[in-house]
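J.: Dropping a structure here in structure tokens format, bear with me for questions.
Just so you know, all these numbers are worked out from the coordinates, no wet-lab data involved. Since this is a predicted model, take the numbers as computed values, not measurements. Because the Cβ atoms are built from the backbone with ideal geometry, glycine has one as well, and the counts that use them run over all protein chains shown.
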Amino acid sequence: MPVACVSFAPYGAGQSPFQRLDLPPEQIDADLAALRAVSRCVRTYSSRSGLEATAALAGRHGIAVALGAWIGSNDKDNRLEIEALIAAANAHPETVTRVIVGNEVLLRVELRADQLANYLDEVRARVKQPVTYADVWEFWLRNPQLADHVDFITVHILPFWEDEPVAVDVAIEHVLATYRQVRAAFAGREIFIGETGWPSAGRAREGARPGRIEQGRYVREFLAAASREGFDYSLIEAFDQRWKRQLEGTVGGAWGLLDAWRRPKGTLLPDVVGNPSWRWHAGLTAALALLATLVAWRRGGPPTAGGWFWQAGAATAVALALTLQARHVAESFHTPLGWLANLAGLAAMALLAAALLDLLRARFRGEAHPAASAVPVAETLAWLTRPPPWRLSAAQGFAALHVAIDGAALTTAAGLLSDPRYRDFPTALFLVPAFGLALRTLFVREASAAGGREEGLLALLYLGLALAIVLNEGPLNRQSAGFALVLLLMALPRARAARAT
């Protein structure tokens, strides 16, 4: 089923509008060619930075353009955008079918409605195409006077981003109800849904879960509803925009019908695959598990069949957790700093995993192991606050790593509680320490050595943050429930040590 129109931002992987670069015409031309099989209309958001060539290039491919100007609080920049918009619209009237002045300016509180109206009136007087302004549907209802300054109403209806998130199961009903509400408020006016869609990756919001399967369901059901109801629309968006992850987390960069490398995501097909790279991920998991098992065998593995079963099972679980986290890092981070921080975290978890697996091997052989000796938090902090270089025993090094992971987990949990909207749940990152340290506490008697009040405080912090996150996210968010469970497992060794005092 062809798509009526799609949002078009031709930034590839590694590119961003924040770089102030001029996109080369050949790149825009290639992207338009890639979209011909999807839609014969694109909606742009800016008329500068190379995008002024879009109208001319789209005409070669038989693609209509809803041409946009990006305006905000800076009048000087607004003037440049509007002049470029007007020039392109007048130069290519056969391709530019409508003009959109401003995108969610009221939502971002960058202009007042009266200031926006002045820009709209100017553009309407200087172009022949119908002119509109695009914003989330609530802001049109709050500023109905703007209808006198446009030729049609452009609203954004994004069930996932609503203040009360809407699950994909009932998302189309929400879109239809919202559309009818706007139509009733602006009786007799043309209504254009300028943005609607669903993300294919990222954090869930209550019962609204991202994913390729969910994205495919939403798009197919929406297209059927649009055909049945006869309304005009533009899907967001043509390609995944990885740079948006800086602003909106993983979700922000995952709205495309095609990925950042212009590969179809199967959104328009009935048999969408949730993880198209599952074979690679399964292979990596198997390889890591086999490597860990071979290392254990070389070091003199468990003497019994039961011991080997536990060793192989633990190695597979650890390998799966590391693979899931590696996938999350690849999906979610855009900046070099983000990559560096998360790769460092992944390396720390791999180091901890190696120590825990070796501890398990030694446990089944009845051998002593340095990591079996628990070290109180207060003692660990005393070592770490001394001037470097630190000279730590294996037990002390393991304890220091445990304290560092506690700090990372608690900081992450606090961030998810204080500013949750665009933060992912890094469950996979903390799976290894959560289950590994919990098993260490259960299997190794020495690991439950008495601690102090610091252990009790850490356990209470974990418990409180886990409960607060679940309450804040609601009972329908499985991701938050999974992360809360990880926090509770992280609390177990600290609670056990506190009880031993």
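J.: From the mean inverse distance of alpha carbon pairs (Kirkwood) and the Cα radius of gyration, derive Rg over Rh for the range 6-252.
T.: Values: Rg = 17.3 Å, Rh = 18.5 Å.
Answer for the range 6-252: 0.94.
J.: Another one. For the range 299-420, what mean projected area does the convex hull of the alpha carbons give, in nm²?
T.: Values: hull surface 39.7 nm².
Mean orientational projected area (the range 299-420, Cα hull): 9.9 nm².
J.: While we're here: Dividing the alpha-carbon Rg of the range 1-67 by 2.2 N^0.38 Å yields what? Show your work: numbers first, answer last.
T.: Values: Rg = 11.3 Å, N = 67, 2.2 N^0.38 = 10.9 Å.
In units of the globular-protein estimate, the range 1-67 measures up at 1.04.
J.: What is the Rg over Rh value, at two decimals, for the chain, using alpha-carbon atoms and the Kirkwood definition of Rh? Spell out each step's value before the answer.
T.: Numbers: Rg = 27.3 Å, Rh = 25.5 Å.
Ratio value, two decimals: 1.07.
J.: Show which lysines lie in cross-link reach of LYS244 when reach means a straight Cα distance below 27 angstrom and same-chain residues fewer than eight apart are skipped.
T.: Partners within reach: LYS76, LYS265.
J.: Counting Lys and Arg as +1 and Asp and Glu as -1, what is the net charge of the other residues whose Cβ lies under 13 Å from the Cβ of ARG36? Could you put the intermediate results ahead of the total?
T.: Values: positive: ARG40, ARG60, ARG262; negative: ASP29, ASP31.
Neighbour charge sum, excluding ARG36 itself: +1.
J.: So, how do all the Cα-to-Cα distances of the range 41-188 break down into 10 Å bins, in percent, from 0 on up?
T.: P(r) for the range 41-188, in whole percents per bin: 11, 39, 33, 16, 1.
J.: Counting C-alpha atoms alone, how compact is the range 278-499: give Rg to one decimal and Dmax as a whole number, in angstrom.
T.: Looking at the range 278-499, its Cα Rg and Dmax stand at 17.6, 50 Å.
J.: Where the centroid of each part is defined by its Cα atoms, how far is the range 66-93 from the range 374-416 in Å?
T.: 55 Å
J.: For VAL251, what charge total do you get from the other residues with a beta carbon under 15 Å from its beta carbon, if Lys and Arg give +1 and Asp and Glu give -1? Walk me through the numbers before you get to the answer.
T.: Details: positive: ARG203, ARG205, ARG209, ARG212, ARG242, LYS244, ARG245, LYS265, ARG421, ARG423; negative: GLU162, GLU195, GLU206, GLU214, GLU237, ASP240, GLU248, ASP259, GLU331, ASP419, ASP424, GLU473.
Result for the neighbourhood of VAL251: -2.
J.: Could you work out the helix-only [θ] at 222 nm for the chain, with each DSSP H run of four or more residues adding -39,500 (n - 2.57) and the total divided by the number of residues, to the nearest 500 deg cm²/dmol? List each step's numbers first, then the result.
T.: Working: 16 runs with 268 residues, N = 501.
Helices in the chain give a 222 nm mean residue ellipticity of -18000 deg cm²/dmol.
J.: When a/c reaches 1.5 or more, the comparison of a/b and b/c decides; with that in mind, is the range 366-442 rounded, prolate or oblate per its Cα gyration tensor?
T.: Details: a/c = 3.10, a/b = 1.50, b/c = 2.07.
Oblate is the answer for the range 366-442, as a/c is 1.5 or above yet b/c matches or exceeds a/b.
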